[in-house]
Amino acid sequence: MTPHRADSNTLPRALWALMVGNFVIGTGVMVVPGTLNDLSQSLGVSVPQAGQLITAGAILMGLGAPVMATMVAGWDRRRLLSLSLAWYALLMGICALAPSYGALLPLRVLAVISPAIFTPQAAASVGLMVPPSQSGRAITFVFLGWSVASVMGMPLSAWIGETLGWRWAFGLVAVMAAGSAWWVWRAMPDGIRPAALSREAWGRTLGSPVLMLTLSVTLISGFGQFTLFSYIAPYLVQTLGLGGGAMSLSFLWFGLFGLAGNVAISRWIDRLGAPRAVLLTLGGMALSLLLWPLGQAGWWQLALVMIPWGLGCFATNSAQQARVVQLSPVLAPASMALNTSAIYAGQALGAALGGVLIARGHMLRLHEVGLVLVFVAMAVSVWAARLQKRS
């Protein structure tokens, strides 16, 4: 079908609404790592067990993204994206009222159906709304919402979790999701309908060596990051003895550089090229993980060590989103769904492995595993770029 192009007045409003939608989605995903200490204490479970909320949610998001992409392929994106945020609002509100860990776990899994839909389908929609020459910058702008979530959402969740309790943090996400659903409904144009995902489209996507290698970069880098990042709150308590205020400040510091890195990538990606941008941001993450033990000396040392990771963290995902779409805009609904699956699968693997290591008394070695995995991601990224040039 012929892509629908939004008019020049509608487009900025739609992009801003989608960016804020990703902010809400990202805040809801990161609310568990941010409130992990209070979740563990108030529900009477261990930190590794509370961390399984991250693993279970990430598994659902990873498996759900391609399945939902097929199921909703013909839906008008204005309705689909608004409804996904409304579902998020409802389920996050119910999660806030969960009486026990056993009740919270399935509710959390149901809630994260929304991230499995919103992020990939928002990116695929942008690819149909702007000219190909502007797609890289537009997609990274929309994904900027995740960086803003790290600056505002995660520190706020951590502070609320330490002062008022995790339930209030979940409730705040529910309120924001309701407001964002209304904004997307008002701002998005009608008629954005990507072509249906046929068996042939999936076959072409899964049969492309370049696409599959590129998607594996997303998976491996997420695996490396979340081995440590999933448990960053209890790590900071154990190593530096941080309280709620200092914890929130640490997340805010990290998020500010995450936002800066994403803004820089959104401005330069079309000049750098997506593969080079991915390698640059992965290198920043690797540098922080290499220097991570220096951060055990004190908060300021840790803050300095976190800077390269912050600059690369969300910028890597943004660059990967643009890279995947640019490889084949026609296959974007399928490839973006798989890229989202790779993001969340990496989170699930990292949270699971980190939990196992912590249970065995190796919390202080999480960064070593993460570093090895990020190096592997960099090697695979170079391989994918060379294969792309040859093909």
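The values are calculated or read from the model by the stated rules, or taken from the named source; none is laboratory data. Since the model is a prediction, treat every value here as computed from it, not as a measurement. Please note: Cβ atoms are built from the backbone with ideal geometry, for glycine as well, and neighbour counts cover all protein chains shown. Ligands, DNA and RNA are stripped out before the accessible areas are found, and what is left, the full protein with its side chains, is counted by its heavy atoms. Shrake-Rupley method; radii C 1.70, N 1.55, O 1.52, S 1.80 Å.
For this structure, a couple of remarks:
- Global geometry of the range 256-371, whether rounded, prolate or oblate, following the gyration tensor of its Cα atoms and the 1.5 cut on a/c: oblate
- Per-residue Karplus couplings for the range 75-83, computed as 6.51 cos²θ - 1.76 cosθ + 1.60 with θ equal to phi - 60°, are listed in order as 6, 5, 5, 4, 6, 4, 5, 5, 5 Hz, Gly and Pro entered as x.
- Extension gain (nm, one decimal) between L105 and V67, 0.36 nm per residue minus Cα-Cα: 11.6 nm
- Per residue solvent-accessible surface (Å²) - the range 332-378, probe of 1.4 Å: 33 Å²
- Nearest 10 degrees, 0 to 90: helix 47-71 Cα axis against the chain principal axis: 10 degrees
- Cα gyration tensor, the range 240-301 - rounded (a/c under 1.5), prolate or oblate: oblate
- Looking at the range 143-292, the pairs of alpha carbons with a distance over 20 Å make up 65% of the total.
- The range 138-181 and the range 212-240: distance between their alpha carbon centers, rounded to Å: 19 Å
- Charge tally for L338 (other residues, Cβ to Cβ under 14 Å; Lys, Arg +1; Asp, Glu -1): +2.
- Taking every alpha-carbon pair in the range 265-322 and binning the separations at 5 Å intervals from zero gives 4, 22, 26, 17, 13, 9, 6, 2 percent.
- Listed values for the range 267-280 are Karplus-derived 3J(HN,Hα) couplings in whole Hz (6.51 cos²θ - 1.76 cosθ + 1.60, θ = phi - 60°), namely 7, 10, 5, 5, 8, 6, x, 4, x, 5, 4, 4, 5, 5, and x replaces Gly and Pro.
- Only protein atoms count toward the accessible area here, which uses a 1.4 Å probe; on the chain, the carbon and sulfur part of that area reaches 68 percent.
- Taking all Cα pairs closer than 8 Å and separated by 6 or more residues, the relative contact order of the chain comes to 29 percent.
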